[in-house]
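Input: a single structure, listed below in structure tokens.
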Amino acid sequence: TQLLEQSPQFLSIQEGENLTVYCNSSSVFSSLQWYRQEPGEGPVLLVTVVTGGEVKKLKRLTFQFGDARKDSSLHITAAQPGDTGLYLCAGANTNAGKSTFGDGTTLTVKP
Amino acid sequence: SQTIHQWPATLVQPVGSPLSLECTVEGTSNPNLYWYRQAAGRGLQLLFYSVGIGQISSEVPQNLSASRPQDRQFILSSKKLLLSDSGFYLCAWTELPRESSGNTIYFGEGSWLTVV
């Protein structure tokens, strides 16, 4: 069974601070996705990374896929209250029809 | 464009009553379909997935069942609900995973089930 561990589980910061969320596994994935979920709604895809060492930027969000494709990180610069939500990572393999999800990081950004 | 819709959005059911949550996908053919359950503020537990009509894989033993009577319809059911079945249920779909694009999952709006 493939497992993904996310850390930290909870994060509460002030507006303008930077933060990093980690997603680690002992298994190799062919791709990894990051999702953001607001209460009472389904998760929404932020990014997919497929190449070891890949770095993708989405405005103030920077995503990195580890060289060995076992881990990933999400860095947010100058966090805003609108970034508040549950951040989930999910790993997948090309030949499998399902993804493995981490337990999520609940981020609260205080104004 | 593709859309996914699930209903009802909220459901309060007594213990021992039946359950039926429905999900439909539009704008794509032969999708992989999934039912997930999520505890408050936590990750997603895969309950069932289907790669085609009548093909259902169960991930965890439980009080629930799933059916796929049509290509783009996925139904989650129970004959007798338990208190422990309460939670947030998400239907989702994917295309066949591709090396270049990964396995993007598109989620429905979710259904809150409270068993009382």
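Go through the stretch A:38-53 residue by residue and tally those that are more than 11 Å from the chain's Cα centre (by Cα) and either small (Gly, Ala, Ser) or buried (at least 18 other Cβ atoms within 10 Å of the Cβ) (or both). Walk me through it before giving the result.
So in the stretch A:38-53, the residues more than 11 Å from the chain's Cα centre (by Cα) come out as A:38-44, A:50-53.
Still in the running and either small (Gly, Ala, Ser) or buried (at least 18 other Cβ atoms within 10 Å of the Cβ) (or both): A:40, A:42-43, A:50, A:52-53.
Qualifying residue count, the stretch A:38-53: 6.
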* To do: Could you please find all residues in the stretch B:1-23 being at pLDDT 95 or above and over 19 Å from B:Trp112 (Cβ atoms)?
  => B:Gly16
* Structure fact -> Among strands (runs of 3 or more DSSP E) entirely within chain A, at least 3 residues that are within 23 Å of B:Trp93 (Cβ to Cβ) occur in A:31-37, A:44-49, A:85-92, A:99-101
* To do: Might you check whether a residue that is within 13 Å of chain B (Cβ to nearest Cβ), surrounded by fewer than 21 Cβ atoms within 10 Å (Cβ to Cβ) and aromatic (Phe, Trp, Tyr) occurs anywhere in the stretch A:8-26?
  => yes
* Asked: Could you give every pair whose Cβ atoms fall below 6 Å, whose first residue belongs to the stretch A:44-68 and is of a type in the set (Asp, Glu), and whose second residue is part of a strand (DSSP E or B), counting only separations of at least 6 or pairs across chains?
  -> A:Glu54/A:Phe65
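The values are calculated or read from the model by the stated rules, or taken from the named source; none is laboratory data. Computed from a prediction, not measured in an experiment: that's the story for all the values here. Here Cβ is always computed from backbone atoms with ideal geometry, including for glycine, and neighbour counts include all displayed protein chains.
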